[in-house]
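What follows is one structure encoded as structure tokens, with my remarks underneath.
The values are calculated or read from the model by the stated rules, or taken from the named source; none is laboratory data. Here the structure is a predicted model, which means the values were calculated and not measured. Please note: Cβ atoms are built from the backbone with ideal geometry, for glycine as well, and neighbour counts cover all protein chains shown.
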Amino acid sequence: MSTAPFKLDAQFASELPEMAAPWHGEDAPDPELVILNEDLAHLLGLDPGWLRSEDGIQFLLGLNPEPLTKSVAQAYSGHQFGQFVPSLGDGRALLLGEAHSTDGVLRDIHLKGAGRTQFSRGADGRATLGPILREYIISEAMHALGVPTTRSLAVLTTGRKIQRGTVVPGAILVRVATSHIRVGSFQYSNIAGGIELSTQLANYAITRHFPELAQSLENPTPELYVSFFRSVLKRQASTVAKWTRLGFVHGVLNTDNTLISGETIDYGPCAFMERFRKDAKFSSIDNHGRYKFENQPLILGWNMARLVETLLPLLGPTPDEAMTAAHEALGEFDDLCSAAIRQEFGQALGLDPDLEIIDDFQELLYRHNPDITTLLRSLTDNTAPPAGFESFAHTWKSLNPDTEAMSKVNPIFIPRNHLVEDALANAVDGDFEKFHELLAAVTDPFNPTAGSNELRLPSTEGFEEDYMTFCGT
Ligand code: AMP
Ligand code: MG
């Protein structure tokens, strides 16, 4: 093997060995690197030329971890649709290690679809091309829209044919995040190693995500861990506010799909709605609407309650004081979310978030169910607003909004469901043209010349009513 121009850290693997099973990827019969995100490779300090080489591809398959990486499958638990599952973990994923990015941030390089691990339970450990491309394009679009998210470095096809009802191509996503520490990671540390392991995990998460708190680790106090929890709450509120303003429905907000960093993770049954509705849900398995649009802040609050349960002994000198601190922090989450959502709508309208018109706007959205993307652009483009927003548009204009700032936060191009489905169907058949066209538009979402007019428009009448998304596992 040629010398790789880098080496990854194995911090998680060495600091939390109880939560990291050494593992490597599964051999692929005919691997091909079908997409490489060169900008992201540069940010990570990885040479795109080397990644494209034969050794680079072996590395991206998780096949030659030593001495480049000490790849591991991470252990975690999770509440799935409210049911606690103690032993989930990376059943088809691997953490290759952490890269020192050129911006100074340490980032995980992680594979999805890399084969069976000790956490696979009955499943095959594999992923298929359609869902992998879906995660690639939506995560990169979210990043371009300024939403905290995992990112996508590469897609490889394995050359393997996989049974998922029909026979489909096997694929691997190379995913990047500031860490893959989940609420479910704390649930696991709590049951597997008690408060001692949870403290180690909390300390590691603090170092990774909240450097402003890290110096207090030398002499940790209950206040430190309360601040840690409060910082996590703020991240969640900020992220869910951005989803709200964009009309994004995540679809499967289990505690194992909620990252401590606040980055959005696991783009399975997610969708951008084109008719703004409180009860929007698209996932084929979300029968009771647990994860519908309006529930997202509530559910994240529920997930945060599951997180704080695992930290209780750290939060105060006595159980009573710890409980009080946890309740106090958690009790503010609703207000944090509402304030963050106001802030987002304020920005979207180029106005002070405290103005009453911000409330009116939210009320109108739910009353008239518009496509929020075209609605917001109609305001700055001086085109006719959708039905029900005529008098709103008039009042809005009279308030002297900052339209220049608006055009930098309100996208023209988002990964609309019908466009994504069409692009993926073509790509799975071997034709990537539409996928690349859509990718170019949604990763440059504020630039009117980044895509064709067709890519701006909502789907035709009836599409969204029937639209259903699948986990794609
Ligand atoms: P997800 O729905 O992708 O968030 O995954 C939930 C859990 O199921 C995680 O523990 C995954 O590792 C596991 N899982 C999902 N698909 C597979 C698969 N094809 N093989 C093994 N484990 C899987
Ligand atoms: Mg998951």
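A few notes on this one:
- Residue within segment 318-336 that is among the β-branched types (Val, Ile, Thr), at pLDDT 95 or above and closer than 30 Å to HIS418 by Cα present: no
- Residue match in segment 138-158 (condition: outside any strand (DSSP E or B) and of a type in the set (Lys, Arg)): no
- Of all the criteria given as (1) within 16 Å of ligand 2 (Cβ to nearest atom); (2) of a type outside the set (S, T, N, Q); (3) in contact with a Lys or Arg (Cβ under 6 Å, 6 or more places away or on another chain); (4) on the phi > 0 side of the Ramachandran plot, the one not satisfied by GLY289 is (1).
- For segment 262-320, the set of residues classified as surrounded by 18 or more Cβ atoms within 10 Å (Cβ to Cβ) and of a type in the set (Gly, Ala, Ser) consists of GLY262, GLY268, ALA271, ALA280, SER283, GLY301, GLY316, listed by residue number.
- Filtered residue count, segment 331-344, keeping only those that are buried (at least 18 other Cβ atoms within 10 Å of the Cβ) and either among the acidic types (Asp, Glu) or in contact with a Gly (Cβ under 8 Å, 6 or more places away or on another chain) (or both): 3
- No other residue among SER227, SER198 is away from ligand 2 (no atom under 16 Å from the Cβ), under 12 Å from LEU314 (Cα atoms) and surrounded by 21 or more Cβ atoms within 10 Å (Cβ to Cβ) apart from SER198.
- Scanning segment 251-275 for residues that are within 11 Å of ligand 1 (Cβ to nearest atom) and either at pLDDT 95 or above or more than 17 Å from GLU135 (Cα to Cα) (or both) returns GLY251, VAL252, LEU253, ASN254, THR255, ASP256, ASN257, THR258, ILE265, ASP266, TYR267.
- Filtered residues of segment 63-86 (kept if over 24 Å from ASN287 (Cα atoms) and within 16 Å of ligand 2 (Cβ to nearest atom)): ALA73, GLN74, ALA75, TYR76
- Just so you know, in segment 200-213 the residues that are more than 20 Å from the chain's Cα centre (by Cα) and in contact (Cβ under 8 Å) with a residue 24 or more places away in the chain include one that is nearest to ligand 1 (Cβ to nearest atom), and it is LEU201.
- Out of GLY49, GLY62, GLY45, GLY56, sole residue that is within 16 Å of ligand 1 (Cβ to nearest atom) and among the small types (Gly, Ala, Ser): GLY62
- Number of the condition not met by GLU98 [criteria: (1) charged (D, E, K, R); (2) in contact with a helix residue (DSSP H, G or I) (Cβ under 6 Å, 6 or more places away or on another chain); (3) surrounded by fewer than 21 Cβ atoms within 10 Å (Cβ to Cβ)]: (3)
- Single residue of SER120, SER189, SER139, SER152 found to be farther than 25 Å from TRP50 by Cβ, of a type in the set (S, T, N, Q) and crowded, with 23+ Cβ neighbours inside 10 Å: SER189
- Restricted to segment 65-114, the set of strands (runs of 3 or more DSSP E) holding at least 1 residues that are within 18 Å of LEU153 (Cα to Cα) comprises 93-100, 106-112.
- Among the numbered conditions (1) hydrophobic (A, V, I, L, M, F, W, C); (2) in a helix (DSSP H, G or I); (3) within 16 Å of ligand 2 (Cβ to nearest atom), the only one that PHE119 does not meet is (2).
- Selection from segment 392-435 of residues that are closer than 23 Å to GLU461 by Cβ and β-branched (Val, Ile, Thr): ILE412, ILE414, VAL420
- Some residue of segment 34-45 being part of a helix (DSSP H, G or I) and either more than 25 Å from ARG134 (Cβ to Cβ) or touching a strand residue (DSSP E or B) at 6+ places or on another chain (Cβ under 6 Å) (or both): yes
- Residue list for segment 70-88, restricted to those being near ligand 1 (Cβ under 9 Å from one of its atoms) and more than 18 Å from the chain's Cα centre (by Cα): ALA73, VAL85, SER87, LEU88
- Taking segment 61-76 as the range and being within 17 Å of ALA127 (Cβ to Cβ) and of a type in the set (Gly, Ala, Ser) as the test, the residues that pass are GLY62, SER71, ALA73.
- Subset of segment 214-239 (residues that are more than 24 Å from the chain's Cα centre (by Cα) and in a helix (DSSP H, G or I)): ALA214, GLN215, SER216, LEU217, GLU218, PRO222, GLU223, LEU224, TYR225, VAL226
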